[in-house]
Amino acid sequence: MNPLMPAAHDPVWSALAIVAFGLAVWAIVSLSRHPRHLPSTVVLIWALVIVVVPVLGPESWLAAGRRAGVSRS
């Protein structure tokens, strides 16, 4: 435990880290299921954004990226 931080903060930060990790895993799995609709460079860029930008990257893919890859007919 960190002596400078109250004990209640450790579980909160741990839970937030687990949620952020789970969100990233969910986004990577979702991205891996849509590669047919996207060029390989776009998939690579999205994967880097998801991994490098902890919370906003996965949220961006789940909110906008999945819809961009679906063909509208």
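Label-to-label distance, Val25 versus Arg67, with points set 7 angstrom from Cα along the beta-carbon direction: 2.7 nm.
Which whole-number percent gives the relative contact order of the chain, counting Cα pairs below 8 Å spaced six or more residues apart? The value is 33 percent.
Compared with the dominant Cα axis of the chain, that is its longest principal axis, helix 9-32 is turned about 10°. Kirkwood analysis of the Cα pair distances in the chain returns a hydrodynamic radius of 13.6 Å. Axis of helix 40-52 versus longest Cα principal axis of the chain: the two differ by about 10°, to the nearest ten degrees. Peptides 13-24, 39-50 ordered by packing proxy, namely the average of other Cβ atoms within 10 Å per residue, highest first: 39-50, 13-24.
Values in this text are rule-based calculations from the coordinates and carry no lab data. Nothing here was measured: the structure is a model prediction, and the numbers come from that model. No Cβ is skipped: glycine too gets one built from the backbone with ideal geometry, and neighbour counts run over all protein chains shown.
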